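Shown below is the structure under consideration.
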Amino acid sequence: MATKTNSIFGGSDIKLSRRTFTKLTALGTAAALSGINSVSAYPEGLELFEEVTAAPAAATNKVKSICSFCSVGCGYTGVVEDGVWTKMEPWEDHPINLGGMCSKGTALANVTNSPRRLRYPMEKVGGTWRKISWDAALDKVANKLNEIRDTDGPDSVFFCGLVHGSNEEAYMFRKFAMLFGTNNIDHQARICHSTTVAGLLNTFGHGAMTNTVIAMQHAKCHFFFGSNAAEAHPVFMQKVFVAKERGAKIVVADPRFTRTAAMADKFVRFRPGSDIAFLYGLINVILENGWEDTEYVENRTYGFEYVKEAVKDYTPEVVERITWVPADDIREVASIIALNKPSNIIWSMGATQHSVGSQIIRASAILQCILGNQGEWGGGCVPIRGHCNVQGVTDMCVLSHFLPGYYGVTSEGSWDWYAKCFSDTPSTSGKITFDELKARFDTLNGESMMTKIGFAVSRWYEGVLKPEAEIDQPHNIKAVVLWGEATSSVTEMKREKEAMEKVDLVVIVDPFPTSASAMPDRSDGIILLPAATRQENSGSVTTTGREWQWRDTIIPPLYESKTDMWIFQELAKKLGFGDHFDYNSIEDVTREINLAVRPIGCQGQTPERMKRQKENYHTFDPWDGRAKGGPCDGEYWGLPWPCWTTDHPGTPILYNDKAPVMEGGHDFRAKWKYPDDEPNAGEEIVRGNLPPTGDGSGTIHWTYNYAKDPTGEVNEQALAEGNPPTGRGRAMLRVANTKWVDRVPKHREPIESPEPDLVATYPTYEDKKFYRVMTEFKTEQQRSIAENRHVNYPIVLTSGRQVEHHGGSAQTRNSDYLVQLQPEMYVEINPKVANDIGVKHWDFVWVKSARGQCKVRAYVTERVNEKTAFMPYHWAGVFEGQDYKDRYPTDGVELARGDSVNIIASPGYDEQTQMQETKVALCKIEKA
Amino acid sequence: MVNYKFVHDKERCIRCGGCFAACKQQNGVPEDISRINIVTIDEGKSGERHITMTCMHCNDPPCVRACPVKGISKREDGIVINDKDKCIGCEYCSWACPFGAPKYPDTGPAELRGIMDKCTFCVIPYEQTDEYGTSILRAPNPKCAGFCATKARLGGDASEITATYNERVAGRLVERQIGV
């Protein structure tokens, strides 16, 4: 907590603005001002303050910046007095949030000023934490990484995290791993929206939210399917309520009666893990009644007949059996979303974190296409992303299967492009050829590891624990670098803990020591590097709606903490590739991104344009996010990608073919690799009259070759011809990629299913080795049935967010305000369950699964039904009932600690992306 | 004449706690009390709603009449404030207040509750003076309303915030009457 106290007018904001909801009148302001100067204005109230004298004026600095919790992208103003960040003020005209922020956002200063911050680099030696210098710490880390690189190869290091970093830092992180010579780098999007990316990318062409938060106001219906936005993204609800007041319907389908559900016109409770069946039930009813948009389906989609075939068996009655939802409710929901258009389908982790996550997203996308919502103002697919820059970090591909801009790692062409970019960029002095880059990677059985997909963040520990022969890389992982990564957000935490105990070195780069420092039972070999918070450095961040905003530094890094950029630069120097990191400023990195990241159109978001928008925020209309006049005339707020050139206004609505491309218009991707069984698919899915520029090898490029054109001329040519460089294709209702087992979604039971009968009809996938590790699907599902888990663990456990905490909560569980609001971990159970086991509200209970147990409070509520229990996932610092408070560095013990739900979560993973299945596990609850 | 008021829109509040944290920060309110509380009605049941409870700065404040030491007063602009130098911590105001707005920290002598504190429309923080002993008086710009995530909490001149609220309610009425 800052110690600076208020002086007269300290922190008060009397700026008047035309759009402020709570604005003061001129009279009010005048009265307030005169109140200070003239005591007589308030004869009763102010007689106490006869001698009103001003304290010495503090040097007050106000900086506008962007919140670093969820992805809505709220703006705020930080008030810095005499160098101390004392207060925050609403950024009242910010086009997205209009000043509004949730408890986390308003506690940003409190978090940054927390006395529990990691103040200097620390090392655990002989069981005790001791302070070391930055130089010594970086030397130790670099020496160990180099040693592992020499003896075991670069793949024996796993890098993960950085989801709150700026686009620039994310790009640097991925570049760092590329030059280190490994694809073993991944971040939280893997366990957040990787299935969204896989699902949407393979349907539409881009794997992101198809509209913006601002566009929510235009909808006639909001269908929340796996999102509790009221708690996870509170400011998002501001826009939803505006739509509601204009007549929009709100429908919420969720296993739990959430705070979002409380505000809905219609709530439906369904069984966790039955999502696809539910969506297919809706599509079935829609087709039955002829509510589909025939013209849209005809003109803009491909493969509708496959969907028709797939959904015909999912009648409301069949779906009732699978989802536990009455058939009439399914009919009612279908009628609301079909008859109130345009409508949005909104999801978060509720839809993504399943063993069929990618398919749930596909089914959602198909629903929107059939209703003709895709590409409309007010309609579309709305995956709300979890962290402030998870969209940007995904775009910069801190992922083990992509390079920045979604260039696949398995293609040598991607690496060739980046070798060129690294050499040609004027931002750094380093030069590297493709062959030199390839030589930095290890080989396995004669093949370079460069083009092999690395471990996923959800499974990295298997690279440590599994025998070397069972993993697809030369040697086991020997060191892990957790760069702003919460270990408690990964399922199978017990295995992760074991892995953290087995590796030679754990490096934690974070503003707080975090629960990761306390989790592994080891006396040596942990190094903590104090990173600056996001409020202490700057860079661009991408909102969930693909809008780039410039996040400014409120105060310089406190204590000895350093910005991520500095740490990358110093480490790169010590590892021998510092010349690729000799940027003069963070803006230099942005310019390298503008040069290199082409597939998603990151050419228009220059530092200059972003900063110009920030200065002229008031010229943007909060209704559609577009500047009307002024220096940014015609631009959309945040230049949502794709933003093809420095003259392009940004694309607020993806796939909107009604607007000209230079006004933000867009279309479905045209370039797909067509399978053998559909040789003529190319001609059928392309729209317009683009000439084929194929190479004759079966891959037909019905589009422009813009993605590896460093000059940008191809973009210019496409725009001149009135086309997006991605071409004009159709939405793929059937996936083109034949590697997908289900090219059209179908319901499959979760790995741990409470319904063994349904498992027989809707079994999961065959076991599969991908992301370097064997993954059990059918084996684990059958094991669950063989062990009678549906009887021994009769309650379905699901997890989710609390509004007061965020992610692994290293920040929020260290904030006094937020801990006052939400002090302890709990499990929500139905009153019937509580009474049956003899537990009262707030008693301690054990929640047990086949993996382990958690000791938490019982929150007795009807939010959950008697077959379901809910636990928030933010908690750590207590492990199976044992408080680890003695294992943190002394000053860094987290203010609030609790047992982690991921100790007991399911070992299920998505068949496409290794997304973990956190939303369905079987558990039992016992009195503690 | 300006008259400062709050409006709470129960159709918009989602209990995000932004008002709570904003108030704590702006006014330096200690851990054991809060000037604003969010109360949930029918939690987990159909009709669940959240209400933020603070001083509503009544036009005819019962607390002013109840206070035996004339410590509470209503300013010309409508804001009701408490003089902590006069307050004796008798808690009569809390009996009188229909909203439970007056709060008492656990910091009094002999484990007694201390001097009353309540919402001042952000014009006076918890500590009424700064480190130089100067009385603090700020512009009436309540941070709970400014930061409200969904704009459920409106604070400002009564005529303006009621107009904003009217617009919203009109939208809802249209929906109900013509069943769009």
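The numbers here are math on the coordinates, done by the rules we state, and not lab data. Keep in mind the model is a prediction, meaning the values are calculated, not measured. Cβ: placed from backbone, ideal geometry, glycine included. Neighbour counts: every protein chain shown.
Using just the helices of chain A, give the 222 nm mean residue ellipticity in deg cm²/dmol: DSSP H runs with n ≥ 4 each add -39,500 (n - 2.57), and the total is spread over all residues, rounded to 500.
For chain A, the value works out to -8000 deg cm²/dmol.
To the nearest 20 Debye, how big is the dipole of the stretch A:713-775 about its Cα centre, given +1 on the beta carbon of each Lys and Arg and -1 on that of each Asp and Glu?
Rounded to the nearest 20 debye, it is 240 debye.
Of A:ILE837, A:TRP417, A:GLN374, which is farthest on the positive side of the dipole of the protein assembly as shown, counting Cα position, with +1 on Lys and Arg Cβ, -1 on Asp and Glu Cβ, and the Cα centre as origin?
A:ILE837
With point charges of +1 on the Cβ of Lys and Arg and -1 on the Cβ of Asp and Glu, referenced to the Cα centre of the stretch A:756-927, which listed residue (A:GLN916, A:LEU818, A:VAL791) lies farthest in the positive direction of the dipole?
A:VAL791
What residues have an amide H closer than 5 Å to that of A:LEU922, excluding those fewer than 5 places away on the same chain, when H is modeled at 1.01 Å from N in the peptide plane?
Distant-sequence amide H within range of A:LEU922: A:LEU797.
Going Cα to Cα from B:LYS5, which aspartates and glutamates come in below 15 Å? Please leave out same-chain ones fewer than 8 positions away.
Hits, sequence-local ones excluded: B:ASP60, B:GLU76, B:ASP77, B:ASP157, B:GLU160.
Let me ask something else. Can you check what the net charge comes to around A:TYR765, using other residues whose Cβ is under 9 Å from the Cβ of A:TYR765 (Lys, Arg +1; Asp, Glu -1)?
Result for the neighbourhood of A:TYR765: -1.
Between the DSSP loop rule and a limit of at most 14 other Cβ atoms within 10 Å, which trypsin sites (Lys or Arg not before Pro) in the stretch A:826-928 are left?
Answer in residue order: A:LYS840.
Counting only Cα, what are the radius of gyration and maximum Cα-Cα distance Dmax of the protein assembly as shown, in Å?
Rg and Dmax of the protein assembly as shown, Cα atoms, are 28.7, 94 Å.
Now, a different point. Hey, what number do you get for chain B at 222 nm if only DSSP H runs of n ≥ 4 count, each worth -39500 (n - 2.57), divided across all residues, to the nearest 500?
-7000 deg cm²/dmol
From the residues A:ALA59, A:THR543, A:GLY729, which one has its Cα farthest along the dipole of the protein assembly as shown in the positive direction, the dipole being from +1 and -1 charges on Cβ of Lys/Arg and Asp/Glu about the Cα centre?
Sorting the options by dipole projection puts first A:ALA59.
Run the numbers for A:GLU436 and A:ARG783: contour at 0.36 nm per residue of separation, minus the present Cα-Cα distance, in nm.
Once the chain is fully extended between A:GLU436 and A:ARG783, it gains 120.2 nm.
Here's something else I'd like to know. Could you list, in their original order, any pairs among A:LYS244/A:LYS341; A:LYS104/B:LYS143; A:LYS175/A:LYS574; A:LYS266/A:LYS658 whose Cα atoms are separated by more than 20 Å?
A:LYS266/A:LYS658
Distance cut-off 25 Å, Cα to Cα: go down the list A:LYS64/A:LYS131; A:LYS614/A:LYS708; A:LYS478/A:LYS855; A:LYS746/A:LYS768 and report the pairs above it.
From A:LYS64/A:LYS131; A:LYS614/A:LYS708; A:LYS478/A:LYS855; A:LYS746/A:LYS768, over 25 Å: A:LYS64/A:LYS131; A:LYS614/A:LYS708; A:LYS478/A:LYS855.
Among all cysteines in chain B, which have no other cysteine Cβ under 4.7 Å from their own Cβ?
B:CYS13, B:CYS23, B:CYS58, B:CYS67, B:CYS87, B:CYS90, B:CYS97, B:CYS122, B:CYS148 - these cysteines have no disulfide-compatible partner (Cβ-Cβ under 4.7 Å) in chain B.
A follow-up question, please. What list of ³J(HN,Hα) values in whole Hz, one per residue of the stretch A:489-495 in order, does the Karplus curve 6.51 cos²θ - 1.76 cosθ + 1.60 (θ = phi - 60°) give from phi, with Gly and Pro shown as x?
8, 9, 6, 6, 4, 5, 5
Using alpha-carbon pairs under 8 Å, 6+ residues apart, how would you state the relative contact order of the stretch A:159-252 in percent?
Relative contact order, the stretch A:159-252: 21 percent.
So what's the net charge close to A:ALA59: Lys and Arg +1, Asp and Glu -1, counting the other residues with Cβ under 9 Å from its Cβ?
Neighbourhood net charge equals -2.
On to the next question. Which of A:ASP816, B:ASP60, A:ASP757 comes first, and how do the rest follow, when ranked by fewest Cβ neighbours within 10 Å?
B:ASP60, A:ASP757, A:ASP816
Follow-up. Within 10 Å of each residue's Cβ, count the other Cβ atoms and sort A:TYR706, A:TYR461 from fewest upward.
Least to most surrounded, the residues fall as A:TYR706, A:TYR461.
Taking amide H positions as placed 1.01 Å from N in the peptide plane, with prolines and chain starts having none, which residues 5 or more places from A:GLY800, or on another chain, fall under 5 Å of its amide H?
Residues meeting the amide H criterion: A:MET871, A:TYR873.
Only four residue types carry charge here, +1 at the Cβ of Lys and Arg and -1 at the Cβ of Asp and Glu. Report the dipole size of the stretch A:756-927 about the Cα centre in Debye, rounded to the nearest 20.
160
Long-range amide H contacts for A:GLN603: which residues qualify at under 5 Å (H placed 1.01 Å from N, peptide plane, sequence gap of 5 or more or a different chain)?
Result for A:GLN603 returns A:CYS643.
Would you kindly derive the ³J(HN,Hα) couplings of the stretch A:809-816 from the backbone phi angles with the Karplus curve 6.51 cos²θ - 1.76 cosθ + 1.60 (θ = phi - 60°), listing them in order in whole Hz, with x for Gly and Pro?
Per residue, the Karplus-derived 3J(HN,Hα) values read 6, 4, 7, 6, 6, 10, 9, 4 Hz.
What list of ³J(HN,Hα) couplings, whole Hz, do you get for the stretch A:597-609 from phi and the Karplus terms 6.51, -1.76, 1.60, once you set θ to phi - 60° and write x for glycine and proline?
Using θ = phi - 60°, the values come out as 8, 9, x, 9, x, 10, 8, x, 8, 7, x, 5, 5 Hz.
Between A:GLU288 and A:LYS708, what FRET efficiency follows from the Cβ-Cβ distance if R0 is 35 Å, with the result rounded to 0.05?
Efficiency at R0 = 35 Å is approximately 0.15.
Sort A:MET500, A:MET349 by Cβ crowding within 10 Å, fewest neighbours at the top.
A:MET500, A:MET349
How much net charge surrounds A:ILE586 when only other residues with a Cβ under 15 Å from its Cβ are counted (Lys, Arg +1; Asp, Glu -1)?
Neighbourhood net charge equals -3.
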